[in-house]
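A.B. asks: The following block contains the structure, expressed as structure tokens.
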Amino acid sequence: MIDPRTTERAAALREQLNHHAHQYYVLDAPEIPDAEYDKLFQELQALEAAHPELLTADSPTQRVIGQVLPGFTPVRHTVPMLSIRTETDTTANGAVAFDARVRRELALGENDPPVEYAAELKFDGLAMNLRYELGLLVQAATRGDGETGEDVTQNIRTIGQIPLRLKGIGAPVLEVRGEVYMRRDDFEALNERQLAANEKTFVNPRNTAAGAVRQLDPAQAARKKLSFFAYGLGDVQGWEIPATHAGMLDAFAAMGLPVDHDRTVVQGADGLVAFHKAIGEKRDSLPFDIDGIVYKVNSRELQQRLGFVSREPRWAVAHKYPAQEQLTRLNGIEIQVGRTGKLTPVAKLEPVFVGGTTVSNATLHNVFELRRKGVRIGDTVIVRRAGDVIPEIVGKVAAEKASYVPNFHMPRTCPICGSKAEREKGGIDYRCTGGLFCPAQRKQAMLHFAGRRALDIEGLGDKLVDQLVDGGIVLSLPGLYKLGVTKLAALDRMAEKSAQNIVDALEKSKKTTLARFLYGLGIRQVGETTAKDLARHFGALDKLMQASVEELLEVKDVGPIVAESIHTFFAQPHNVEVVEQLRAAGLHWEEGDGANANVGPRPLLGKTLVLTGTLPTLSRDEAKDMIEAAGGKVSGSVSKKTHYVIAGEEAGSKLDKARELGVAVLDEAGLRALLEHDA
Ligand code: IVH
């Protein structure tokens, strides 16, 4: 006989663990640290091991199951899993046409009110039928041919977001349908792990999710973090189905199922068009891939009146967006030389329309990437471009790794200056050893120096730098300050007025800050934040230039690699000379005595802020500078650790996320108030 207190404890642990799993996986709002969760988990595991009769099907310990399956058992769907008609017109007209069809089929006249629709995202994963009996997950099946799918219960149980027991529902049968997918960040993390282990990387989140679900070894499936969104219903017995689709989704959410927040209810064609536009704008910032959106007539009664044509409901349609992946030919590979001499292979593609623009180049971070993907010049490759992201080659169709023989090799000399190209010991990048002798490096160094976050020399862009370097007019950074109106105006397509503007900009840039100057020098490993930390710590340039590696290591966040890089930089006489010449040219800033220097009040010390949207008067850079000067940190994404989100016009998903997590949201005035608050 088990002590009733043990039974009670096991039940309490199950409930607590299920609650915390829901907070963590579905709501993204954990209430306890991971270690605490693990402790509870292990306690339950131990109880179940000692008393196997305590083990229940909904026990959180049942999520990972060790045994490898011999194959998948076919499952006949009680209610067939249908697909929906796809509207191929990717413009707003697609939405208008669907509404017109619905109205025609419902015999609605012009004066009848608009039809109400539930609008949601079309998740790019694979459809899944989850069968709950008396609230317990008993089976998960793929769509298959719509009539018969495969039993993948074991693998689906490893998905933390899918409740093993529904909250507050004891219906004999409730089949929930939805999409299993992989978030982009989880996909990238997986590929990073693959890379680190020298294993093949995956092509895209959808294929990876589909592959994981059909893994015969659930332990392998569990290695890929999958997610789920509920969007539909299968067989139902003993549950009163809500009168609207939106009502059903709300009911799902209340049962603990993940339902996407971007769902909404709209009226008529105008509402659909507005949703299509809004999601189109935020598509690239979503944490997962979608290939379109779905419109569904909201009322169940109207859905029933509309019925089906050739196994597709008349009441729903998928409205696509332009594809973010396309096939094209890899015509060749060129080498670009960066500021630090890094040679980067750039793929030259047969121009292809993808993600809304024509793409003819894609970066390949290094030559090994090609090898890993089994790509050769002349191959048909998959090109992906999502939003502002630089186009990339994600792989090729049916890559055969075994027989791969590369037909591209990195050059042994710099294609620009002919100096030797070398690979660092243990590194993967090839670098031109020409340093500032190499015109490509000189150009990049100048552009970096003139950049907005460095010396901010307006007008000194690509074209001008090309002319200055190629014409041998400016040989080094200090040379920039010797430029006069006459010399500049003599350049091709340069009006006297523009020449004067550049001279003025150069003059203006002379008054700067130590941090900007340091950042502008382009020392390897020294980004903007490190430059600021160095300036704050040392206060004066000479102190920094004379610092030993040990002294450099005392600076916040500076590790051995960074310290070494800074030390090496200032140990080179020609670098010191450049610095001296720049000072001689009149570059100046205020110096202090470093860490002990007077810093102003730092009301945002230890606070993390996220900026989103357009603020009425401050640019993003200005806001960032002000926050950092006040001791705060600016992060690119919202999490539980974010203290404030500063939102302006057209704030997107970051604002939604802040609201979801209950993070304080302020406008520009609110930010200014924070900055003035002398805490
Ligand atoms: S509803 C009867 N809603 O797209 C309606 N499907 O052909 C059944 N999908 O196989 C589907 N997101 O895998 C629906 N919000 C969504 C969806 C969605 C993705 C997939 C699903 C289905 C295919 C439709």
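The values are calculated or read from the model by the stated rules, or taken from the named source; none is laboratory data. Note that the structure is a prediction, hence the values are computed from the model and not measured. Reconstructed Cβ throughout: ideal geometry from the backbone, glycine too, with neighbour counts over all protein chains shown.
A.B. asks: Tell me, yes or no, whether the stretch 311-333 has at least one residue that is closer than 30 Å to Gln525 by Cα and touching a residue at least 60 places away in the same chain (Cβ under 8 Å).
C.D. replies: Within the stretch 311-333, one or more residues are closer than 30 Å to Gln525 by Cα and touching a residue at least 60 places away in the same chain (Cβ under 8 Å).
A.B. asks: Continuing with this model, one more query. On the given criteria, is Arg193 basic (Lys, Arg), in contact (Cβ under 8 Å) with a residue 24 or more places away in the chain and either away from the ligand (no atom under 16 Å from the Cβ) or assigned to a loop (DSSP other than H, G, I, E, B) (or both)?
C.D. replies: No; evaluated as a whole, the condition is false for this residue.
A.B. asks: Among (1) at pLDDT 95 or above; (2) closer than 29 Å to Leu272 by Cα, where does Gly125 come up short?
C.D. replies: With respect to (1) at pLDDT 95 or above; (2) closer than 29 Å to Leu272 by Cα, Gly125 is out only on (1).
A.B. asks: Quick one: is Glu53 touching a residue at least 40 places away in the same chain (Cβ under 8 Å) and over 36 Å from the mean Cα position of the chain (by Cα)?
C.D. replies: Judged against the criteria, Glu53 is a match.
A.B. asks: For residues that are part of a loop (DSSP other than H, G, I, E, B), surrounded by fewer than 18 Cβ atoms within 10 Å (Cβ to Cβ) and within 16 Å of the ligand (Cβ to nearest atom), tally how many sit in the stretch 112-148.
C.D. replies: Residues flagged as part of a loop (DSSP other than H, G, I, E, B), surrounded by fewer than 18 Cβ atoms within 10 Å (Cβ to Cβ) and within 16 Å of the ligand (Cβ to nearest atom) within the stretch 112-148 amount to 4.
A.B. asks: Cβ-Cβ below 6 Å, separation at least six or inter-chain, first residue in the stretch 284-298 and more than 8 Å from the ligand (Cβ to nearest atom) and at pLDDT 95 or above, second among the polar types (S, T, N, Q) and part of a strand (DSSP E or B): which pairs?
C.D. replies: Asn298/Thr244
A.B. asks: I'd like to check something: does the stretch 535-542 contain any residue that is among the charged types (D, E, K, R), more than 26 Å from Met446 (Cβ to Cβ) and in contact with a strand residue (DSSP E or B) (Cβ under 9 Å, 6 or more places away or on another chain)?
C.D. replies: Looking for residues that are among the charged types (D, E, K, R), more than 26 Å from Met446 (Cβ to Cβ) and in contact with a strand residue (DSSP E or B) (Cβ under 9 Å, 6 or more places away or on another chain), one finds none in the stretch 535-542, hence no.
A.B. asks: How many residues does the stretch 149-190 hold that are over 30 Å from Ser639 (Cα atoms) and either of a type in the set (Lys, Arg) or within 16 Å of the ligand (Cβ to nearest atom) (or both)?
C.D. replies: So the count comes out to 4.
A.B. asks: Of the residues that sit in the stretch 209-231 and are more than 19 Å from Leu121 (Cβ to Cβ) and in a helix (DSSP H, G or I), which one is farthest from the ligand (Cβ to nearest atom)?
C.D. replies: The selected residue is Ala219.
A.B. asks: Quickly run through the stretch 82-114 and pick out the residues that are charged (D, E, K, R) and more than 30 Å from Gly146 (Cβ to Cβ).
C.D. replies: Glu110, Asp112
A.B. asks: Next question, about the same structure. Hey, which of the helices (runs of 4 or more DSSP H) in the stretch 532-635, taking only ones fully inside, have at least 2 residues that are under 38 Å from the mean Cα position of the chain (by Cα) and among the hydroxyl-bearing types (Ser, Thr, Tyr)?
C.D. replies: Answer list for the stretch 532-635: 560-571.
A.B. asks: Something else now. If a residue has to be within 16 Å of the ligand (Cβ to nearest atom), in contact (Cβ under 8 Å) with a residue 60 or more places away in the chain and closer than 23 Å to Val173 by Cβ to count, how many in the stretch 234-266 make the cut?
C.D. replies: So the answer is 10.
A.B. asks: Further question on the same structure: Being assigned to a loop (DSSP other than H, G, I, E, B) and among the polar types (S, T, N, Q) is the filter here; which residues of the stretch 406-436 pass it?
C.D. replies: Scanning the stretch 406-436 gives Asn407, Ser419, Thr433.
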